[in-house]
Amino acid sequence: MGIVMKKTSNKCFLLIIMILIGTLVLSGCVGKKTEITPNPPENSSPADSPPAAGNDPQPEKTNTPTEQEIISGLIAKGQEIKEMSYDLVMIGAGLSAESKVFLKEKKMKIDSVFNGQRMISILDFDQGELLTYLPGDPVATKMKITEYQGQDHITPLDYLHELEKADFRPAGTETVNGMECKAVTVISPEGSYKMWLSTQYGIVVKVEGGPDVQGVIEYKNIQVGPGTVAEDTFELPPGMEILDIEEMFQQNELPPNEV
């Protein structure tokens with residue numbers, strides 16, 4: 001009888017131990033919470049995420065050109081011109097001259113009035129020759145362009161080539177002869193002087209002072225583009241005789257043994 005009770009007691013003891021272990025295991029499972037990470041939305045992208053600290057989007061930089069860049073652009077624009085006409089007015093040293101000028105490629109015609117005297121000149125830059133005559137006169141003289149001393153054959157395009165290499169400073173925007181212009185101050189060893197460039201054509205329309213200008217030069221009534229200058233503009237009047245100045249001097253030159 002005692003033996004039976006002992007076995008029964010052992011079984012009860014083992015049962016109590018198993019119940020306690022099971023309780024501990026269950027309590028451990030219940031007390032521990034499982035963290036679940038939610039899946040991101042199917043249509044999410046990195047762009048939907050808020051920017052990280054310190055990486056705020058920067059404002060876009062504007063590419064506004066400087067005055068110096070605008071003027072350089074006008075110079076390049078003007079150098080593309082191949083055909084134009086304009087009125088030239090030169091005032092200085094108590095004298096004035098007015099000319100109507102036609103320019104096409106490498107030829108130029110100047111119809112000038114200087115101190116009441118009208119004179120017409122036709123320049124061929126490829127040949128390096130200059131023809132000059134008075135209206136109504138049947139004779140035109142021919143000479144080399146390099147021997148010509150006037151300033152009326154200086155074109156707005158010539159000033160562009162000078163300005164391209166010069167040291168200049170922007171001097172604001174002004175209206176000259178009804179045209180909006182960029183004014184520039186040119187710095188040279190001979191002193192500073194001013195030029196005005198048309199924003200429409202990109203050419204010099206006024207020069208005040210300078211090493212080659214004694215006074216003011218202005219270009220007015222400017223016309224630019226193909227068809228501006230007629231094909232027969234650079235032809236001499238019919239029947240006109242040409243007197244070559246260089247040949248005339250060569251013919252009149254005495255041989256060395258007769259000097």
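Taken as a whole, the structure places T141 among residues that are among the β-branched types (V, I, T) and touching a helix residue (DSSP H, G or I) at 6+ places or on another chain (Cβ under 8 Å). Residue count for the range 162-182, restricted to those that are without any contact (Cβ under 8 Å) to a residue 40 or more places away in the chain and outside any strand (DSSP E or B): 4.
Considering every residue within the range 86-103, establish whether at least one is among the basic types (K, R), modelled with pLDDT of 95 or more and part of a strand (DSSP E or B). Yes, the range 86-103 contains a residue that is among the basic types (K, R), modelled with pLDDT of 95 or more and part of a strand (DSSP E or B). Whether a residue is buried (at least 18 other Cβ atoms within 10 Å of the Cβ), in contact (Cβ under 8 Å) with a residue 12 or more places away in the chain, touching a helix residue (DSSP H, G or I) at 6+ places or on another chain (Cβ under 6 Å) and under 30 Å from L243 (Cβ atoms) was assessed, and L103 does not pass this test. The set of residues in the range 112-133 being in a strand (DSSP E or B), more than 20 Å from L243 (Cβ to Cβ) and not hydrophobic (A, V, I, L, M, F, W, C) is empty. No other residue among V186, V229 is crowded, with 18+ Cβ neighbours inside 10 Å, in contact with a strand residue (DSSP E or B) (Cβ under 9 Å, 6 or more places away or on another chain) and under 22 Å from T132 (Cβ atoms) apart from V229.
Check the range 154-170 and report whether any residue there is surrounded by 13 or more Cβ atoms within 10 Å (Cβ to Cβ) and either of a type in the set (S, T, N, Q) or at pLDDT 95 or above (or both). Taking every residue of the range 154-170 in turn, at least one turns out to be surrounded by 13 or more Cβ atoms within 10 Å (Cβ to Cβ) and either of a type in the set (S, T, N, Q) or at pLDDT 95 or above (or both). Taken together, the criteria place V205 among residues that are buried (at least 17 other Cβ atoms within 10 Å of the Cβ) and touching a residue at least 12 places away in the same chain (Cβ under 8 Å). Of all the criteria given as (1) part of a strand (DSSP E or B); (2) within 24 Å of G215 (Cα to Cα), the one not satisfied by M143 is (2). Scanning the range 135-150 for residues that are farther than 21 Å from F249 by Cβ and either surrounded by 15 or more Cβ atoms within 10 Å (Cβ to Cβ) or aliphatic (A, V, I, L, M) (or both) yields no hits at all.
The values are calculated or read from the model by the stated rules, or taken from the named source; none is laboratory data. Values in this document were obtained by computation on a predicted structure and should not be read as measured data. For neighbour counting, all protein chains shown are included, and Cβ atoms are generated from backbone atoms with ideal geometry for every residue, glycine included.
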